[in-house]
Amino acid sequence: ASSEESTKAASAESTTIASAETTTVASTSTATTTTAASTTKEESLLEVDVAKAGDDGYNTHLQFIHIPCTFGHTVEESGLKGAIKEDGKLQIDALKGGQMQWGEMIPELDQLSDVTGCNLFYTPSKYWPRELQRSLLANRSLFAMLRDPYDRMANEFRMQVGGIDSVFTKTFRKDISQREGHMEREADQYQQFYKNCDVNAYLQTELKKYLAGDRFRTNCHLLPSSEFFDAGSGMTVEPIDERKIPDSFNQFMEKHHASPRMEASMHNLWCNEISAYSLNEETKGLIRKVYAEDFRLACKYFGYCDDHEMFCHENIPDMCGSKPK
């Protein structure tokens, strides 16, 4: 690569996470009133008004299981009714009024798994150390977002285009490539996938590597959701219908007498024309093969039993590119 190209790449990497977006999510019953997306710097995304904390009578025994690319950052942010930033890091105010630390907000989950090599917050809890399973999961009500596999994978690609692994930990795709001991996702072939928004070439390449045995690559981002619903030790994880956010999430919290509410969505900004409707038949076939159990879960819990059906979030801006009109 030329020095000019290297300079541009470095500049793009340094500004990627600062471009993270928060968008007001319309109720699924009022999708047509969704307003245009508003882009803010990452720091402002993490500043939550402490004054919004409610009384101390809320249920704080819920524990979130973070499945990559299922609006997990949005859920984690919703759990914090108070947060302050100190020395460039997110600090949790004294938990009160139903505040809850979930996923990436739990410091112990930032460590790497001895089993997967991934951060624990992206690792199925059945692979967590026993002491963390006991301290974080025992006597808790566990829940996770169950997302349509086509929609999830289309947006996994968009996340990789942006070069982000985690907004909250400020970790880039390049960091994960270096940690995993290969730089193929930073090489020319992949750079062309990103530049051309070639979701099919990217997913076909990655899912074939997954099927060849590299299951934990990309910081466990390709693992099926079903892996996370198998919590181990006889624990169960209750699914929330990700298709119907924010209503489904807010109704779940209300049912459990918990204070968090989903008011905004943190989602991808890149390749806005890409959605599940962009996938070709070869890509969809690979997705059905890798995520067969996820389709079965969606049928079992929510009645979405057509594994050829396409879905995208029409109540969130820039999430339904390429959908036929």
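Quick note: the coordinates plus some simple rules give every number you see, no bench work behind them. From a predicted model like this one, the values you see are computed outputs, not experimental measurements. Cβ atoms come from the backbone with ideal geometry, glycine included; neighbour counts cover every protein chain shown.
Can you check what the net charge comes to around ALA138, using other residues whose Cβ is under 12 Å from the Cβ of ALA138 (Lys, Arg +1; Asp, Glu -1)?
Working: positive: ARG130, ARG134, ARG140; negative: GLU131.
Combined, the nearby Lys, Arg, Asp and Glu give +2.
What's the FRET efficiency of ARG296 with ARG130 using the Cβ-Cβ distance as r and R₀ = 30 Å, to the nearest 0.05?
0.55
Would you mind listing how long segment 97-194 runs along its three principal axes, going by Cα atoms, in whole Å with the largest first?
Dimensions of segment 97-194 along the principal axes of its Cα atoms: 48, 29, 24 Å.
Would you report the distance distribution of C-alpha pairs in segment 185-308 as whole percents per 10 angstrom bin, up to the bin with the largest distance?
P(r) for segment 185-308, in whole percents per bin: 10, 31, 38, 18, 3, 0.
Could you let me know the centre-to-centre spacing of segment 269-325 and segment 225-246, using Cα atoms, in angstrom?
First find each Cα centre; the distance between them is then 18 Å.
In the structure shown, do any of LYS174/LYS300; LYS126/LYS284; LYS126/LYS174 have a Cα-Cα gap over 30 Å, and if so which?
Working: LYS174/LYS300 37 Å; LYS126/LYS284 28 Å; LYS126/LYS174 27 Å.
Cα-Cα > 30 Å for LYS174/LYS300; rest within.
Would you pull out the residues with amide H under 5 Å of TYR304's amide H, same chain only if 5 or more places away, H placed 1.01 Å from N?
Result for TYR304 returns CYS299.
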